[in-house]
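To start, the structure itself, in structure tokens.
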Amino acid sequence: MKRSFQIWCTLFSLLFVGLVIFQLTHGSIHLSWTDIRQVFSGHGSAQADLVLLQFRLPQIALSVICGVCLGLSGAILQLVTENPLADTSIMGINAGASLGAVVFLAISHLNIPLSQTVGLPIFAVLGSLVGACIVFIQRRLQQPLQLLLLGIASGTLLNGIILLIELQLDQFDFDKLIVWISGDFWNQDWSYIAVLGGALLILLPLTLRGLWASDILTLGQQAASGLGLAVAGKRQVLLLLAVLLAGLAVAGGGAISFVGLMAPHIARRLVGNHGRHYLPLTALIGVNLILFAAVVAENIFAPSQLPVGLVVAVITMPYFVYLLLHQADQESI
Amino acid sequence: MTQLEGHDLCIGYPNHMIIEHLNIKFPDHQIIGLIGPNGSGKSTLLNVLSGFRQPAAGKVVLNGQPLAKFKPKVRAQNIASLPQNPQAPEDTLVRDLVAYGRFAYQKPLHGLQTDDETAIDQALIAANLEGLATRSLANLSGGQRQRAFIAMTLAQNSDILLLDEPTTYLDLTHQLEILKLLQELNQEQHKTIIIVLHDLNQAARFCDFLVCLKDGQVMYQGRPDQIFTSRMLAKVFQIDATVAPEPRLGCPMITSYDTFIAAPTAAEAH
Amino acid sequence: MTQLEGHDLCIGYPNHMIIEHLNIKFPDHQIIGLIGPNGSGKSTLLNVLSGFRQPAAGKVVLNGQPLAKFKPKVRAQNIASLPQNPQAPEDTLVRDLVAYGRFAYQKPLHGLQTDDETAIDQALIAANLEGLATRSLANLSGGQRQRAFIAMTLAQNSDILLLDEPTTYLDLTHQLEILKLLQELNQEQHKTIIIVLHDLNQAARFCDFLVCLKDGQVMYQGRPDQIFTSRMLAKVFQIDATVAPEPRLGCPMITSYDTFIAAPTAAEAH
Amino acid sequence: ADTHAFKAANGTIQVPNHPKRVVAGLYLGQVMALNVNVVGSTKLEMANPYLNQSKVKKITDVGTPMSAEAVLKLKPDLIITSNEADTKKMEKIAPTVQIPYQKTQQFTASMNYFSKLLNQPKQAKAFKQSFNAAAKKQVKRLEAAKISRKSSFGVYEMQSSKLYAYGSGFSRGAQAMLALGFKLSKPLQKVDSSAGFKEISVESLPKYQAHYMFVTTSSTKGQKDPALVAMKKNPIWQSLAAVKANRVIELPFNKMYYYDPFATRAQLKIVTDALIKANK
Amino acid sequence: MIKRTQRIYLVLIVLLIAGFIINLCSGPTWFSPLTVLHPQPGLQAQTILSVRLPRALASVLVGAELAVAGQLLQTISRNPIADPAILGVNSGANLALIVGTVLGIPFTIRARFGLALVGALLAFCVVLGLSLTRNGMQPLRLILGGSIFSGFLVSVAYAVSLLTQTTAQYRTLLVGGFSGVTYDSVWLLALILLIVLLAIVYLRNSLTILTLNDQLAQSLGSKRNGTRVLASILIVLAAGGCVAVAGNIAFVGLGIPQCIAIISGHRFKQTVGQVLLAGGAFLSFGDALAKSARPPFELPLGALSAILGGIFLFAFLWRKQGALTT
Ligand SMILES: Nc1ncnc2c1ncn2[C@@H]1O[C@H](COP(=O)(O)OP(=O)(O)OP(=O)(O)O)[C@@H](O)[C@H]1O
Ligand SMILES: Nc1ncnc2c1ncn2[C@@H]1O[C@H](COP(=O)(O)OP(=O)(O)OP(=O)(O)O)[C@@H](O)[C@H]1O
Ligand SMILES: [Mg+2]
Ligand SMILES: [Mg+2]
């Protein structure tokens, strides 16, 4: 498994580099290697500078942030709910974050003293916390199935509210909202990316610490407790981390679903259930998925673009179907 | 000295109490069998002893200190427990599974140290699994799987082991294999082992001490040759049984049993 | 005359065959015990006999006709089977549960007829559940629940009953209760009962005929007093057992058993 | 030096005094009416039948939503858009003004607004004159047909089987009617001053009726909308005064949807024709 | 027990009649029940006859059909939180309607129904296929696969409408409601209800037995797969019809059977009648609220019922904390 871990990591890193190169050179404006070199050495043309530094690199940076956040957050949720099909979109977290964003956009007309750069991520994260509030009201997380059902309940409720707002508050754009709900990189300012990146840098070590030895959770709550793990506390911490990561991802790229579901799945299939192996790969695959979706979203109907989240949903669906069908023989899901 | 006791334990589910004001002491370095009819509270008690559930009142005392005061890891260094149907991903390697037992000794973000490795190797040897260390669970038989989980609890290096019906669903061969392993551990490493069993003959044969629960209360406790009698079986299980020594080993054994034709008379039952 | 047979059965899961070319006949009006080590294919065989799974090759024959040709309802009128973990909504009343057994006799758009009611009442009486008919499953003990499910299969009025480890998780009292009920049914209603058991002593005591499976093949079959021997136990279960008649009932019984110190010699095993 | 400050929804923007290469993600007609050179726009805008087609052909499609790189490639000196996500990206390319829909709903206000933005007072004046001339011409026709302009009108639309009542801001002929001197009916004026449109039930139609009722349907392409057919059979609908007097005017959605100056000017004739036809 | 059941039926019937009458009375202007019974001839009578009556009938029928579709689904999937909306039936129907819009198909009620039916059927088949294993339908797979697949369908529907610039239609499609309902729709719904009822009477024993586990049901002689397929067709028929007439109305299918389950238990045969009545009553009240809360405007019934349903599900899970096992 260790071998295959190294192999797959290398392969996905190469794929990442390939995608980055493609993304950097392709688009409505073609940039050659020399153009890119010139930009990085500070002698690029104004146009190449703009394209590279303001459009293409931010997109890549956001893909990386969202990919890591969504992948890890999905992996954590699957671990905690003991269900390989859990995902931020199922657990009501995406709906909550979208609602937070929608509320922020709605009240931003009221001249609140919060810039969008800071306010939107804060509201999205707050919203995702509301969406996942079940996790915190529900003290006894004994039954993973319950957790899952509560997640679905809160998702439905919040989606209902979003729908109501969508239909009631006419003054702001339905199209803008739906971008949130289907996922897109709407703000590519470096300052915004810096805020998100900073938050991720704070969260990552915490996540690493939280996920350390989390494999023990796969043995079931009773056995894990017997081994000396404070199960309830661990689950709370992990859920909180998952929610924060998902909130961050939503702030960056809207409610992109499916990455959180698929990335851990693919990673586990490739390198097995050992957290040490599949979790890093999950983050890597998450990044690749989003980057690939972004490339497709931009180029397939150029110059029109699709929201990245939509493309992720469409390109991962065949794999999902394959996965379910393939696993049909086994007892578990 | 290790000592596990329950003081005035009340344990229950939201709607009803299962166990009320239970006082119990488990003798050290023995195999203690927990027997009793369905629903008598055996699993419930075991979950409280292992610290997985909190009692509604009363406390579990370990080495003179309340169990609730122990940090989870310190508790796990003293008590290892195995639930009834332990599960792990099918692709887990036996050695990795056993390594989980060292969790209680590891510092966050640190790998396995040499003494961890030693403990894992010893646990594998004790459970007779050296040859299977690099196999994955998917390739093991039911008995081997159960042994791997027991090895995991052994790697915890705890003095106390709690096991809930570790032989259910196993055939006779595998049942014997597990019980003999436990006996060996008790004899060689002097572990205190508390085990729930439905097969009363096995309980009488392998345990040094029996605790018989009924309706959340201890009805009998003592050495098998003291309490394993027709009377006890009549009272606790309502069966008309003949108990005689096992021919080879000498432990008490039910040689014949049946339901009572009529209800047991007061004389028979007491 | 009812007769259940398996002709040249091959049964397996996509990747591997569990049972290959098995020929088997189940004697009528007897209690037939299916025994064997874990993974020997007992449940798999039972599922094919009950029609729940299709064999990969070969066929199950009932009364001279291939089972696959029977309509589900007709099949259910002939064979009733109880899986290992029967489930029903907790609020089902015992009588309603037993009434489900009449499904095979009901016409669409018709309610329960008088003969259905009679069959239900008889099943309730046979399973000793008259007093509990209006209780819901949630309020029953494990043993009572299991009896309710057995009553349901009785209401099917079929000549053949298939049961997979109906005593797992039950305490001795409840095990005895279930097995005696089956014995009564066999004696009074002459039902053919095929039952999987892990407790070999119970199998020897309650069955008229034993089929011993190993690795998907029948290794022994015959009356308990014929095949229930030290040799069989050594060969199938690798245990060194002493078999003697049960003092009160006379059926064979393992009075003492242990692992072999060394591997069984050829002389011992054959 | 040759820029002027313009107050848009995204703040005060320095806009070139004489933009030469404008990208108009929206409001293509408004910009073209001021005779400013547009180099890029979006599909939906370019499908506007009222624009000068030979000019439209030269405009590049920059994608929906606008692709930053496609816009950059056109080297624009002014970018016009209506939403924030676009603004964020486009700001980096050239001065970008974000103009909310509401600013462009009324013909005159919209002309003035864009004239300020593009610094084209003369062109704006010229267009308004041509518009007024066109309006006058149609008013004469109405007078000739003895149609009183004191009557109220209302604008209704069937969308996916749901009935909406509109204010004056979403075209569908309303701007043309106002220019001809008609007034929105009282209850619809209320709709106009709030959100601008509302879903209403058939049952409340009597409350929202008007002397002239303009009806469009957005759900079908050129075919009869079954929902509209069903509504027409409804006795409440049939009890409306406008229905009884044949003053319901059905107009094709794809002609009435556009609200730019060219469209509004052309719609003057369309509604007049319809009114005259209805009064025969 | 019998007395209790009768009492429940009585209450439900009273509620249904009350809901129906209130629905008739409410609207932009409130008519008193007396007016409804003896309207002034002319406009008032016509309003009641041609606007309010079909609408009230449709809301009762849709409520009953959605509720019973939900119960059927919960029964065959043995999962208490199954809802046609969760299983991609609605999103499938929506996608088909969006495609229909893009293609410019005129939306007669028949065309709508046909489209919705095809979309719902395809989506449901996929989800059903995903949930099947060798050992039959796996409830958890059904729910999760359904949630994910309907998320996917929503994405596709939005992508289609984005690329074809029909987001406005997409938006109006999202909102469920009964404005503009005609007798055509009522006849269609009534026909569906009739079919569903007949089929349920025919299948009631088989369906009841499906609440047991697969092996047990099989051993009792049930044709599990046949019953499931028939029930699935009924679900798609009912849900598709409701989407065609009233758009998306969330959670009647989930909430109503659960309400009844709390009162009367989970057994299909004993509760299906109550579910029908309660569904009809709930939606006729809900629609009365939607059309009279802020007259003369319509509140989006779809959003209203999603919110109510979400809250309800919360409460339900809260109450049933311990008992939730599938
Ligand atoms: N999650 C639960 N909620 C409510 N009551 C429970 C729960 N689990 C067990 N009980 C009840 O607690 C009592 C004791 O259960 P427990 O599992 O401890 O018995 P046991 O002695 O282990 O029985 P068995 O021999 O069947 O394993 C039983 O009456 C049981 O019904
Ligand atoms: N769903 C399945 N997929 C693949 N293999 C299976 C499946 N179920 C059982 N098996 C395999 O089939 C073989 C026979 O299993 P079966 O359950 O029939 O054994 P059994 O005799 O009933 O054992 P036990 O005494 O443990 O119940 C075993 O090797 C088992 O691993
Ligand atoms: Mg127990
Ligand atoms: Mg078995």
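The values are calculated or read from the model by the stated rules, or taken from the named source; none is laboratory data. All values reported here derive from a predicted model rather than from experimental measurement. Backbone-built Cβ (ideal geometry, glycine too); neighbour counts: all protein chains shown. Note: areas computed on protein heavy atoms with side chains; ligands, DNA, RNA excluded. Shrake-Rupley method; radii C 1.70, N 1.55, O 1.52, S 1.80 Å.
Worth a mention:
- When peptides B:64-74, A:89-99 are sorted by average Cβ neighbour count within 10 Å, with the highest value leading, the order is A:89-99, B:64-74.
- Helical mean residue ellipticity (222 nm; -39500 (n - 2.57) per DSSP H run of 4+; nearest 500) of the protein assembly as shown: -16500 deg cm²/dmol
- Taking the 1.4 Å solvent-accessible surface of the stretch E:2-325 as the whole, the part contributed by carbon and sulfur is 72%.
- Peptide D:83-90 shows a mean partner chain C-beta count of 5 within 10 Å per residue C-beta.
- Cα centroid separation, the stretch B:88-125 to the stretch E:222-242 (Å): 51
- A protection proxy built from the mean count of other Cβ atoms within 10 Å ranks the segments B:112-121, D:79-88, most packed first, as D:79-88, B:112-121.
- Rounded to the nearest 0.05, the FRET efficiency derived from the C-beta distance between B:E117 and A:S115 at R0 = 45 Å is 0.25.
- Highest mean packing first, where packing is the average number of other Cβ atoms within 10 Å per residue, the peptides E:57-70, E:93-106 line up as E:57-70, E:93-106.
- Charges were assigned to the Cβ only: +1 to each Lys and Arg, -1 to each Asp and Glu. The resulting dipole of the protein assembly as shown about its Cα centre is roughly 7620 debye.
- Comparing the full protein assembly with the isolated chain, the residues of the stretch E:263-281 losing at least 30 square angstrom of accessible surface (1.4 Å probe) are E:H266, E:R267.
- Here the label points at B:S230 and A:V296, each 7 Å from Cα along the C-beta direction, are separated by 7.8 nm in the simple model.
- Projecting the Cα positions of D:I276, D:S185, D:S239 onto the charge dipole of the stretch D:144-280 (unit charges on Cβ atoms of Lys, Arg, Asp and Glu, taken about the Cα centre) puts D:I276 furthest along the positive direction.
- Burial here means at least 10 square angstrom less accessible surface with every protein chain in place than with the chain by itself, probed at 1.4 Å; in the stretch A:216-248 the buried residues are A:I216, A:T218, A:L219, A:Q221, A:Q222, A:A223, A:S225, A:G226, A:L227, A:G228, A:L229, A:A230.
- Shielding by partners, peptide A:83-92 (average Cβ within 10 angstrom, other chains): 2
- When accessible surface is computed with a 1.4 Å probe, chains A and B are found to bury approximately 2200 Å² between them, both chains counted.
- Spin-label model, D:H4 to A:L201: label points 7 Å out along the Cα-to-beta-carbon direction sit 4.6 nm apart.
- When you restrict to C-alpha pairs under 8 Å that are six or more residues apart and normalise by the size of the stretch C:35-108, the relative contact order lands at 23 percent.
- Cα shape, chain E, gyration tensor, a/c 1.5 rule: oblate
- With the simple spin-label model, which puts each label point 7 Å out from Cα in the Cβ direction, the D:S148 to E:Y9 separation comes to 6.4 nm.
- Accessible solvent surface per residue of the protein assembly as shown, calculated while the other protein chains remain in place, 1.4 angstrom probe, Å²: 38
- Per the accessible-area calculation with a 1.4 Å probe, the total area buried between chain C and chain E rounds to 2600 Å².
- Cα centroid separation, the stretch C:1-64 to the stretch A:22-99 (Å): 58
- Normalised by residue count, chain B yields a Cα convex hull volume of 150 Å³ per residue.
- Neighbour count of at most 16 Cβ within 10 Å plus DSSP loop: longest trypsin sites (Lys or Arg not before Pro)-free window in chain E: E:1-133
- Across peptide A:186-195, the average count of Cβ atoms from other chains found within 10 Å of a residue's Cβ is 2.
- Buried solvent-accessible surface, both chains (C, B), 1.4 Å probe, Å² to nearest 100: 3200
- With all protein chains in place and a 1.4 Å probe, the accessible surface of chain B carries 50 percent carbon and sulfur.
- 7 Å along Cα→Cβ, label-point gaps from B:A244 to other copies, nm, shortest first: 0.5
- Computed from point charges on the beta carbon alone (+1 for Lys and Arg, -1 for Asp and Glu), the dipole magnitude for chain B about its Cα centre is near 620 Debye.
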